[in-house]
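Participant: Below is a structure I'd like to ask you about.
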Amino acid sequence: MALVHDAYGGPEVLKLATVPIPQPDHGQVLVRVHAAAINEWDQGLMRGKPLINRTGGLRRPRHRILGSDIAGVVDAVGAAVTRYRVGDEVFGDLSASGFGAFAQYAVAPETALTRKPSWLTFEQAAAIPQAGGLAIAGLRKTAPSGAGRRLLVNGAGGGVGTFAIQVAKAHGWDVTGVDGLAKLQAMRTLGADHTIDFRRVDFARTGEQYDLILDMVCSRSPLDYGRALRPRGVGAVIGGRTGRLAMAAAFGQTMRLAAGRRVSLVMYRANRTEDMALLLHLISERTVTPVIDREFDLAESPRAMRYYLQGDFVGKVVLRVRQER
């Protein structure tokens, strides 16, 4: 059983269907899926918007089964697999290997997976890979020590932002979170020192300046970053409007501003071993907690996607996958 879509459109194109169980190839692992998380890429591939999401499938979706963040149990291994055995609990990001997490079974290269500790639930594990990896990749744009340094997270209530707040606080940063009014208390609970309701206050016009801005929205101009960054400060663009992202990319992934300031695209590498190890360490110490707003059964995926598209969630939206043998 898998969630499939054979046409581009809204959540109504998502259908449960019986599909063959995939077989692991050389270096691949078959995972019996227990949980999967929804990401921004999933809704983009579902709708085929922007047009780049139709690469390889202009008229029909190239990726029939969506889903990148996955957690489950190894059910079979292909030839030459050395890291895992049948029965191992794993999690990972399948975005670089064809997606397919929204199903009872999925195949993945063994390099796309990390061993799941027993103290972590499958739902928590599924919430980690992409959001946690992106948060650390953004924070890596400057020195890790935050003593005396200021961070602003724009769009801090989502999956990446909730990880960024917690990881930054673990490294001593003074953190300001920007999002809608309904998410401000959750951000404060996670450790944000200051919060801003973006509908009432423009963070780029308060006169405050930051050493690092992590931007999940990317709706600001270079002048806005220039005003809001301290000298030698960095604006790290993680997500947002395609036009803004393309503009930044046109400058070779980095746009130079005055006084050593710069705006840079965050280049994400899925399943980076060091990043997953750091996140698991912080989670084990209860310094960081994967934030899950709501869980849905796989059969409820259209409703789950509608909820995701509303944008009112805090942290991650996770799908539970019931197993039938």
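Participant: Condition (residue is under 19 Å from His26 (Cα atoms) and over 19 Å from the mean Cα position of the chain (by Cα)) applied to segment 108-127: is it met by at least one residue? Spell out the reasoning first.
Facilitator: Step one: list which residues in segment 108-127 are under 19 Å from His26 (Cα atoms), which gives 108-114.
Pick out the ones that are also over 19 Å from the mean Cα position of the chain (by Cα) and you get 109-110.
Looking through segment 108-127, at least one residue is under 19 Å from His26 (Cα atoms) and over 19 Å from the mean Cα position of the chain (by Cα).
Participant: If you check Val31, Val90, Val77, Val81, which single one turns out to be under 22 Å from Tyr268 (Cα atoms) and of a type in the set (A, V, I, L, M, F, W, C)? So that I can check it myself, show each step before the final result.
Facilitator: On the way: Val31 fails: under 22 Å from Tyr268 (Cα atoms); Val77 fails: under 22 Å from Tyr268 (Cα atoms); Val81 fails: under 22 Å from Tyr268 (Cα atoms).
When all the criteria are applied, what remains is Val90.
Participant: Here's a follow-up. What residue, among those in segment 277-306 that are crowded, with 19+ Cβ neighbours inside 10 Å and among the small types (Gly, Ala, Ser), is nearest to Leu16 (Cα to Cα)?
Facilitator: Ser301
Participant: Every residue in segment 203-227 that is within 23 Å of the chain's Cα centre (by Cα) and either outside the structural domain of Ala135 (by TED's automatic domain parsing) or small (Gly, Ala, Ser) (or both), please.
Facilitator: Once the filter is applied, which keeps residues that are within 23 Å of the chain's Cα centre (by Cα) and either outside the structural domain of Ala135 (by TED's automatic domain parsing) or small (Gly, Ala, Ser) (or both), segment 203-227 yields only Ser219.
Participant: What is the residue count in segment 68-94 for residues that are more than 23 Å from Asp297 (Cβ to Cβ) and among the small types (Gly, Ala, Ser)?
Facilitator: 5
Participant: Please determine whether any residue of segment 202-212 is of a type in the set (A, V, I, L, M), touching a residue at least 12 places away in the same chain (Cβ under 8 Å) and out of contact with any strand residue (DSSP E or B) (no Cβ under 6 Å at 6 or more places or on another chain). Spell out the reasoning first.
Facilitator: Of the residues in segment 202-212, the ones of a type in the set (A, V, I, L, M) are 204, 212.
Right, trim to touching a residue at least 12 places away in the same chain (Cβ under 8 Å) and you get 204, 212.
Now restrict to residues that are out of contact with any strand residue (DSSP E or B) (no Cβ under 6 Å at 6 or more places or on another chain): 204.
Yes.
Participant: Could you tell me whether segment 295-311 includes any residue that is modelled with pLDDT under 95, in a loop (DSSP other than H, G, I, E, B) and under 30 Å from Trp119 (Cα atoms)?
Facilitator: Within segment 295-311, one or more residues are modelled with pLDDT under 95, in a loop (DSSP other than H, G, I, E, B) and under 30 Å from Trp119 (Cα atoms).
Participant: How many residues are among the basic types (Lys, Arg) and modelled with pLDDT under 90 when one looks only at segment 227-256? Lay out the reasoning, then the answer.
Facilitator: We begin by selecting, within segment 227-256, every residue among the basic types (Lys, Arg); these are 227, 230, 232, 241, 244, 256.
Now narrow it down to the ones that are modelled with pLDDT under 90: 241, 244, 256.
Count: 3.
Participant: Identify the residue in segment 58-74 that is out of contact with any Asp or Glu (no Cβ under 9 Å at 6 or more places or on another chain) and surrounded by 18 or more Cβ atoms within 10 Å (Cβ to Cβ) and, among all such residues, is nearest to Val318 (Cα to Cα). Write out each step before concluding.
Facilitator: From segment 58-74, those out of contact with any Asp or Glu (no Cβ under 9 Å at 6 or more places or on another chain) are 58-59, 62-63, 65; that's our starting set.
After this cut, where a residue has to be surrounded by 18 or more Cβ atoms within 10 Å (Cβ to Cβ) as well, the list is 63, 65.
Details: His63: 20, Ile65: 16 Å.
Selected residue: Ile65.
Participant: Could you please find all residues in segment 250-298 being at positive phi and not aliphatic (A, V, I, L, M)? Please lay out each step first, then the result.
Facilitator: From segment 250-298, those at positive phi are 252-253, 259-260, 271, 286; that's our starting set.
Listed by number, the residues that qualify are Gly252, Gln253, Gly260, Asn271, Arg286.
Participant: Considering every residue within segment 307-318, establish whether at least one is among the polar types (S, T, N, Q), surrounded by fewer than 17 Cβ atoms within 10 Å (Cβ to Cβ) and under 19 Å from Ile128 (Cα atoms). First the steps, then the outcome.
Facilitator: Going through segment 307-318, the residues among the polar types (S, T, N, Q) turn out to be 310.
When the remaining residues are screened for being surrounded by fewer than 17 Cβ atoms within 10 Å (Cβ to Cβ), the result is 310.
Still in the running and under 19 Å from Ile128 (Cα atoms): none.
No: zero hits.
Participant: Condition first: surrounded by 19 or more Cβ atoms within 10 Å (Cβ to Cβ) and among the aliphatic types (A, V, I, L, M). Now tell me which residues in segment 136-155 satisfy that.
Facilitator: Ile136, Ala137, Leu139, Leu151, Leu152, Val153
Participant: Next up: Take the residues in segment 172-193 that are touching a Lys or Arg at 6+ places or on another chain (Cβ under 9 Å) and surrounded by fewer than 19 Cβ atoms within 10 Å (Cβ to Cβ); name whichever of them is nearest to Phe313 (Cα to Cα). Please lay out each step first, then the result.
Facilitator: Here is the first cut: in segment 172-193, the ones touching a Lys or Arg at 6+ places or on another chain (Cβ under 9 Å) are 172-177, 180-181, 190-193.
From the residues that got through so far, the ones that are surrounded by fewer than 19 Cβ atoms within 10 Å (Cβ to Cβ) too are 172, 174, 180-181, 191, 193.
Working: Gly172: 27, Asp174: 24, Gly180: 11, Leu181: 12, Gly191: 18, Asp193: 21 Å.
Checked segment 172-193; the qualifying residue nearest to Phe313 (Cα to Cα) is Gly180.
Participant: What pairs come out if I take residues in segment 157-182 that are in contact (Cβ under 8 Å) with a residue 12 or more places away in the chain and pair them with residues that are of a type in the set (S, T, N, Q) and part of a strand (DSSP E or B) whose C-beta lies under 6 Å away, six or more apart or interchain?
Facilitator: Taking only residues 6 or more apart or on different chains, the pairs are Gly177/Thr195; Val178/Asn154.
The values are calculated or read from the model by the stated rules, or taken from the named source; none is laboratory data. Note that the structure is predicted; figures quoted are calculated from it, not measured. Heads up, the Cβs are rebuilt from the backbone with ideal geometry, glycines too, and the neighbour counts pull from every protein chain shown.
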